[in-house]
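A.B. asks: Got a structure here, written out as structure tokens. Questions coming.
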Amino acid sequence: MTGAAATDLLAKAWRHLERFHGGTLGHFINGADFGGLSGATFENATPIDNARFNLVAAGDAQDIDRAACAARDAFRGWRAVSGPRRRELLHGIADAIEARAEEIALVESFDTGQPLRFMSKAAIRGAENFRYFADKAPEAANGASLPAADHLNYTLRQPIGPVGVITPWNTPFMLSTWKIAPALAAGCTVVHKPAEWSPLSARLLVEICHEAGLPDGVFNSVQGIGEIAGKALTEHPDIKAVAFVGESRTGSLIMQQGAMTLKRVHFELGGKNPVMVFDDADLDRALDAVTFMIYSLNGERCTSSSRLLVQGSIYDAFTALVAERAGRIKVGHPLDPNTEVGPLIHPRHLDKVLGYFDIAREEGATVAAGGGRASDPAGGNYVLPTLLTGANGGMRVAREEIFGPVLTAIPFRDEGEAVAIANDVAYGLAAYAWTADLGRAHRLGRDLEAGMIWVNSENNRHLPTPFGGMKASGIGRDGGDYSFDFYMETKNVCIAYDTHQVPSLGK
Ligand code: NAD
């Protein structure tokens, strides 16, 4: 990392990181720090050099119980707070996130290895999520009027109760706000279990919410290992619903764990998203989008377009351009403002991604760019942006989520074959298509098995629209009013005009 700007950023980052360094990061329950009952901890390291940075309290079932009871007790008061007051509080949180956006981005970039250029935007998106749901808080309880001949029916929406939010490590701050903001706007209280590989920014969020005046117990954070703290949260009887973002197989486990308490679940899971490039497309724009949507955020992105399907007539030329771009991408220290790809989150994840390079070679794919570690004297988890060509839809590299900067390119003959390849995977989160044919754009919107389809665009989010996946990519949708469907119960009230014939027995 070189240059005055980079040195300045490192110094700034350190000012925010110092408080965590060498200490033990605890939980935050009922408006106060809590170290955990057992005293057990786990280590947290930065992916920049894998050196131990701090310890983190390893929450267990007793700590989760404490947090769930705090959330249960606080629910009575929070559900009664008016919509306009909730709006005001949530806007206060958004203001505080904006005021601390640089700190959040620097801390998170250091903790996750995600390049600062993307984490700065993610921190601001966190504030936008709070602002959007703040404005929706006053209308959250609104229902519908459904009059019948003899009765007036109307619906009410009421918060479901205390909810559990379990998040992954890839963009932890932004993703947690995507769940926590609508839950709070709906009138639910929250217990958040952040990912064990990225614990730091969760502390910033709970601290910001507390300082913005959120009542004690409304939002609690318990650090810990998924199989222990996460599991206990999904099994707790006072937690009425679990919003989970993570791997598909973890989603299955959570469904089993929550079965005894009939937990409502919302899952945002893995993906193996196709981007299709037809020969009539604007290829310059398509090239930008294809490279951005796999190599941004280290490829550790649920909506990354990790399968490139290219029409046969342009396959060689287009993949050559992608390979050239991949070779020019700047891999480096995540806090360097010039860096485009940083280190992967953890050595175990690095091994997984490197393993797919071996699998690709064994399967007969060609490594057209990258295909190995990027050299780094500090021993960070760096890999080269990689393009695999000559692949087919049957290969593991074309079917399994790698979750790194690795793109698998597959040729197709025509629209029918493109759709068949695109749909022939277990996942169904997102799909992207590049074409100048309007009719085809609509047919793809209809035929692709994915919860979100972007045509002639990269992943562009508009907060009122539904976000979520089909098949093994998820259950439920976030965004707009869809979020309230999950965090609230819909109740129907039916009142007679007193004129209908009431059936009688034994008269
Ligand atoms: P993961 O499933 O390993 O972990 C996610 C969270 O679940 C962590 O907090 C973990 O501690 C917890 N957990 C693990 N086991 C648990 C259990 N048995 N009970 C309760 N909680 C448990 O996922 P990850 O590796 O952290 O994240 C990467 C995955 O997340 C990828 O598959 C990616 O596609 C997915 N993701 C999806 C979206 C989306 O919107 N669809 C967004 C981001 C990431």
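A.B. asks: Just one of GLU211, GLU235, GLU207 is away from the ligand (no atom under 14 Å from the Cβ) and farther than 14 Å from HIS27 by Cα; which is it? Can you show your working first?
C.D. replies: Working: GLU235 fails: away from the ligand (no atom under 14 Å from the Cβ); GLU207 fails: farther than 14 Å from HIS27 by Cα.
Answer to the check: GLU211.
A.B. asks: Out of the residues in segment 422-457 that are more than 16 Å from the ligand (Cβ to nearest atom) and of a type in the set (Asp, Glu), which is surrounded by the most Cβ atoms within 10 Å (Cβ to Cβ)?
C.D. replies: Residues of segment 422-457 more than 16 Å from the ligand (Cβ to nearest atom): 422-424, 433-448, 455-457.
Restricting the remaining residues to those that are of a type in the set (Asp, Glu) gives 424, 437, 447.
Details: ASP424: 13, ASP437: 14, ASP447: 17.
Looking at the filtered set, the residue picked out is ASP447.
A.B. asks: Take PRO115 and tell me if it is in contact with a Pro (Cβ under 6 Å, 6 or more places away or on another chain) and away from the ligand (no atom under 16 Å from the Cβ).
C.D. replies: Details: in contact with a Pro (Cβ under 6 Å, 6 or more places away or on another chain): yes; away from the ligand (no atom under 16 Å from the Cβ): yes.
Here the answer is yes, as PRO115 does meet what is asked.
A.B. asks: Name the residues in segment 80-96 that are assigned to a helix (DSSP H, G or I) and more than 26 Å from the chain's Cα centre (by Cα), would you?
C.D. replies: Of the residues in segment 80-96, the ones assigned to a helix (DSSP H, G or I) are 80, 83-96.
Passing the criteria: ALA80, GLY83, PRO84, ARG85.
A.B. asks: Among the residues of segment 1-27 satisfying the criterion of being assigned to a helix (DSSP H, G or I) and among the basic types (Lys, Arg), which is modelled with the highest pLDDT? Talk me through it step by step, then tell me what you get.
C.D. replies: The initial filter retains those residues of segment 1-27 that are assigned to a helix (DSSP H, G or I), namely 4-17.
With the extra rule that they be among the basic types (Lys, Arg), the set shrinks to 12, 15.
Details: LYS12: 93, ARG15: 96.
Ranking the qualifying residues of segment 1-27, first place goes to ARG15.
A.B. asks: Identify, please: which residue in segment 256-282 is over 21 Å from the mean Cα position of the chain (by Cα) and in contact (Cβ under 8 Å) with a residue 60 or more places away in the chain and is, among those, farthest from the ligand (Cβ to nearest atom)?
C.D. replies: Ranking the candidates gives ASP280 first.
A.B. asks: Also: Could you list all residues from segment 238-255 that are within 9 Å of the ligand (Cβ to nearest atom) and assigned to a helix (DSSP H, G or I)? Spell out the reasoning first.
C.D. replies: Filtering segment 238-255 for residues within 9 Å of the ligand (Cβ to nearest atom) gives 242, 244-251, 253-254.
Residues satisfying the conditions are SER248, ARG249, THR250, GLY251, LEU253, ILE254.
A.B. asks: Are any residues in segment 214-232 under 20 Å from the mean Cα position of the chain (by Cα) and either near the ligand (Cβ under 8 Å from one of its atoms) or more than 12 Å from ALA68 (Cα to Cα) (or both), and if so, which ones?
C.D. replies: Start the filter on segment 214-232 by keeping residues that are under 20 Å from the mean Cα position of the chain (by Cα), which leaves 219-227, 229-231.
GLN223, GLY224, ILE225, GLY226, GLU227, ALA229, GLY230, LYS231 - these are the residues of segment 214-232 that are under 20 Å from the mean Cα position of the chain (by Cα) and either near the ligand (Cβ under 8 Å from one of its atoms) or more than 12 Å from ALA68 (Cα to Cα) (or both).
A.B. asks: Oh, and also: Examine segment 319-328 for a residue that is hydroxyl-bearing (Ser, Thr, Tyr), surrounded by fewer than 24 Cβ atoms within 10 Å (Cβ to Cβ) and farther than 27 Å from ARG461 by Cβ, and state whether such a residue exists. Break it down stepwise before answering.
C.D. replies: Initial filter on segment 319-328 (hydroxyl-bearing (Ser, Thr, Tyr)): 319.
Subsequent filtering for residues that are surrounded by fewer than 24 Cβ atoms within 10 Å (Cβ to Cβ) retains none.
No, segment 319-328 contains no residue that is hydroxyl-bearing (Ser, Thr, Tyr), surrounded by fewer than 24 Cβ atoms within 10 Å (Cβ to Cβ) and farther than 27 Å from ARG461 by Cβ.
A.B. asks: Continuing with the same structure: Might you let me know whether segment 488-497 holds any residue that is within 16 Å of the ligand (Cβ to nearest atom), in contact (Cβ under 8 Å) with a residue 12 or more places away in the chain, within 30 Å of ALA431 (Cα to Cα) and surrounded by 17 or more Cβ atoms within 10 Å (Cβ to Cβ)? Break it down stepwise before answering.
C.D. replies: Restricting attention to segment 488-497, the residues satisfying the condition of being within 16 Å of the ligand (Cβ to nearest atom) are none.
Checked segment 488-497: no residue is within 16 Å of the ligand (Cβ to nearest atom), in contact (Cβ under 8 Å) with a residue 12 or more places away in the chain, within 30 Å of ALA431 (Cα to Cα) and surrounded by 17 or more Cβ atoms within 10 Å (Cβ to Cβ).
A.B. asks: Let me ask another. If I filter segment 295-313 down to residues being farther than 14 Å from ASN170 by Cα and out of contact with any helix residue (DSSP H, G or I) (no Cβ under 7 Å at 6 or more places or on another chain), which single residue comes out as farthest from the ligand (Cβ to nearest atom)?
C.D. replies: Taking segment 295-313 as the starting set, the residues that turn out to be farther than 14 Å from ASN170 by Cα are 305-313.
Subset that is out of contact with any helix residue (DSSP H, G or I) (no Cβ under 7 Å at 6 or more places or on another chain): 311-313.
Details: GLN311: 27, GLY312: 30, SER313: 32 Å.
So the residue we want is SER313.
A.B. asks: Which condition from (1) among the polar types (S, T, N, Q); (2) surrounded by 24 or more Cβ atoms within 10 Å (Cβ to Cβ); (3) under 30 Å from PRO411 (Cβ atoms) is the one that SER221 breaks?
C.D. replies: With respect to (1) among the polar types (S, T, N, Q); (2) surrounded by 24 or more Cβ atoms within 10 Å (Cβ to Cβ); (3) under 30 Å from PRO411 (Cβ atoms), SER221 is out only on (3).
A.B. asks: With respect to PHE34, determine if the residue is over 26 Å from the mean Cα position of the chain (by Cα), among the aromatic types (Phe, Trp, Tyr) and more than 29 Å from ARG348 (Cα to Cα).
C.D. replies: On the way: over 26 Å from the mean Cα position of the chain (by Cα): yes; among the aromatic types (Phe, Trp, Tyr): yes; more than 29 Å from ARG348 (Cα to Cα): yes.
So PHE34 fits the description; yes.
A.B. asks: Can you spot a residue in segment 142-149 that is in contact with a strand residue (DSSP E or B) (Cβ under 8 Å, 6 or more places away or on another chain), buried (at least 23 other Cβ atoms within 10 Å of the Cβ) and in contact (Cβ under 8 Å) with a residue 40 or more places away in the chain?
C.D. replies: No, segment 142-149 has no match at all.
A.B. asks: Let me ask something else. Looking at GLU268, is it surrounded by fewer than 24 Cβ atoms within 10 Å (Cβ to Cβ) and acidic (Asp, Glu)? So that I can check it myself, show each step before the final result.
C.D. replies: Numbers: surrounded by fewer than 24 Cβ atoms within 10 Å (Cβ to Cβ): no; acidic (Asp, Glu): yes.
So GLU268 fails the test.
A.B. asks: Among GLY83, GLY22, which is exposed (fewer than 14 other Cβ atoms within 10 Å of the Cβ), among the small types (Gly, Ala, Ser) and more than 20 Å from ALA123 (Cα to Cα)?
C.D. replies: Working: GLY83 fails: exposed (fewer than 14 other Cβ atoms within 10 Å of the Cβ).
That would be GLY22, the only listed residue that is exposed (fewer than 14 other Cβ atoms within 10 Å of the Cβ), among the small types (Gly, Ala, Ser) and more than 20 Å from ALA123 (Cα to Cα).
A.B. asks: Within segment 179-194, track down each residue that is touching a residue at least 40 places away in the same chain (Cβ under 8 Å) and within 8 Å of the ligand (Cβ to nearest atom). Full working, then the answer.
C.D. replies: Quick first cut of segment 179-194, residues touching a residue at least 40 places away in the same chain (Cβ under 8 Å) only: 179, 181-191, 193.
Correct list: LYS193 only.
A.B. asks: For segment 334-348, how many residues are surrounded by fewer than 20 Cβ atoms within 10 Å (Cβ to Cβ) and of a type outside the set (D, E, K, R)? Lay out the reasoning, then the answer.
C.D. replies: Here is the first cut: in segment 334-348, the residues surrounded by fewer than 20 Cβ atoms within 10 Å (Cβ to Cβ) are 337-338, 346-348.
If we keep only those that are of a type outside the set (D, E, K, R) as well, we get 337-338, 346-347.
Count: 4.
A.B. asks: What residue, among those in segment 28-63 that are in a loop (DSSP other than H, G, I, E, B) and of a type in the set (Asp, Glu), is surrounded by the most Cβ atoms within 10 Å (Cβ to Cβ)?
C.D. replies: Among residues in segment 28-63 that are in a loop (DSSP other than H, G, I, E, B) and of a type in the set (Asp, Glu), the one surrounded by the most Cβ atoms within 10 Å (Cβ to Cβ) is ASP60.
A.B. asks: A follow-up question, please. Considering only segment 212-230, I want to know if a residue exists there that is over 16 Å from ASP33 (Cβ atoms) and assigned to a strand (DSSP E or B).
C.D. replies: no
A.B. asks: Please find, within segment 137-172, the residue that is farthest from SER296 (Cα to Cα) out of those that are within 16 Å of the ligand (Cβ to nearest atom) and among the hydrophobic types (A, V, I, L, M, F, W, C).
C.D. replies: That would be VAL163.
A.B. asks: What about SER120, is it under 18 Å from the mean Cα position of the chain (by Cα) and surrounded by fewer than 20 Cβ atoms within 10 Å (Cβ to Cβ)? Explain how you work it out, then say what you get.
C.D. replies: Numbers: under 18 Å from the mean Cα position of the chain (by Cα): yes; surrounded by fewer than 20 Cβ atoms within 10 Å (Cβ to Cβ): yes.
So SER120 passes the test.
A.B. asks: Please go through (1) more than 16 Å from the ligand (Cβ to nearest atom); (2) closer than 24 Å to VAL425 by Cα; (3) buried (at least 21 other Cβ atoms within 10 Å of the Cβ) for MET395 and return the number of the only condition it doesn't satisfy.
C.D. replies: If we test MET395 against (1) more than 16 Å from the ligand (Cβ to nearest atom); (2) closer than 24 Å to VAL425 by Cα; (3) buried (at least 21 other Cβ atoms within 10 Å of the Cβ), just (3) comes out false.
A.B. asks: Where residues in segment 460-473 are over 24 Å from ALA134 (Cβ atoms) and crowded, with 18+ Cβ neighbours inside 10 Å, which of them is farthest from the ligand (Cβ to nearest atom)? Show your work before the answer.
C.D. replies: Here is the first cut: in segment 460-473, the ones over 24 Å from ALA134 (Cβ atoms) are 469-473.
Retained after the next criterion (residues that are crowded, with 18+ Cβ neighbours inside 10 Å): 469, 472-473.
Values: GLY469: 6, ALA472: 10, SER473: 6 Å.
The qualifying residue farthest from the ligand (Cβ to nearest atom) is ALA472.
A.B. asks: Taking ALA243 as the residue in question, decide whether it is touching a residue at least 60 places away in the same chain (Cβ under 8 Å) and crowded, with 24+ Cβ neighbours inside 10 Å. Even if it seems obvious, please write down each step before you answer.
C.D. replies: Values: touching a residue at least 60 places away in the same chain (Cβ under 8 Å): yes; crowded, with 24+ Cβ neighbours inside 10 Å: yes.
It is true that ALA243 is touching a residue at least 60 places away in the same chain (Cβ under 8 Å) and crowded, with 24+ Cβ neighbours inside 10 Å.
The values are calculated or read from the model by the stated rules, or taken from the named source; none is laboratory data. Just so we're clear, the structure is a prediction, and the values are computed from it rather than from any experiment. Neighbour counts are summed over all protein chains in view; Cβ atoms, including those assigned to glycine, are modelled from backbone coordinates with ideal geometry.
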